Amino acid sequence: QVQLVESGGGLVQAGGSLRLSCVVSGRTFSSGAMGWFRQAPGKEREFVAAITRSGATRSADSVWGRFTISRDNAKNTVYLRMNSLKPDDTAVYYCAARNFLGLASEAYDYQYWGQGTQVTVSS
């Protein structure tokens, strides 16, 4: 059974930084692309960033230049470094994994999901 466990969320002031981590177990970590999504209250889940097995990345326009996705295949872990945080970044952040190699930015392209970690940015 595939499990994804996120950590690293919390409360931070605007302009601050956080690093989210997602540990994957139950499958060969390096076999597919990984992604981060977020969902704010009353809004749909939205794409944040994705990374392939080889390290190619894609980010949403709203976070480009502020957030960085990375992965450590030896540790079965994917990270999301978030800098210059804004109140609009407040959301539950979800880690996701897919069975395919290519980048994807739609939630339905991912087969496995974590439980989410709350990020709150105060003004």
What is the spread of the Cα atoms of region 16-123 along each of their three principal axes, largest first, in whole Å? 40, 25, 23
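Taking square-rooted eigenvalues a ≥ b ≥ c of the alpha carbon gyration tensor, is region 60-123 rounded, prolate or oblate, where a/c under 1.5 means rounded and, failing that, a/b exceeding b/c means prolate?
Numbers: a/c = 1.74, a/b = 1.63, b/c = 1.07.
Because a/c hits 1.5 or more and a/b exceeds b/c, region 60-123 counts as prolate.
Could you please state how large a percent of the accessible area of region 1-58 is carbon and sulfur, counting protein chains only and using a 1.4 Å probe? Display every interim value, and only then the final one.
Working: 1290 of 2940 Å².
Solvent-exposed carbon and sulfur of region 1-58 make up 44 percent of the total.
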Net charge (Lys, Arg +1; Asp, Glu -1) of residues whose beta-carbon lies under 12 Å from that of Leu80, Leu80 excluded, is +3
Could you derive backbone 3J(HN,Hα) for region 8-21 from the dihedral phi with the Karplus parameters 6.51, -1.76 and 1.60 (θ = phi - 60°), listing whole Hz in sequence and x where the residue is Gly or Pro? x, x, x, 9, 9, 7, 4, x, x, 9, 9, 10, 8, 10
Suppose each label sits 7 Å from its Cα in the direction of the beta carbon; what would the Asp72-Ser54 distance come out to in nanometres? 2.4
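Suppose every Lys and Arg Cβ carries +1 and every Asp and Glu Cβ carries -1, with no other charges. What dipole size does region 45-123 come out with about its Cα centre, to the nearest 20 debye?
Working: 9 positive and 7 negative charges, 58 e Å.
Computed charge dipole of region 45-123: roughly 280 debye.
The values are calculated or read from the model by the stated rules, or taken from the named source; none is laboratory data. This is a predicted model, so every value here is computed, not measured. Methodologically, a virtual Cβ is constructed for each residue, glycine included, from the backbone with ideal geometry; neighbour enumeration extends over all protein chains shown. In case anyone asks, the SASA skips ligands and DNA or RNA and just uses the protein heavy atoms, side chains included. Shrake-Rupley method; radii C 1.70, N 1.55, O 1.52, S 1.80 Å.
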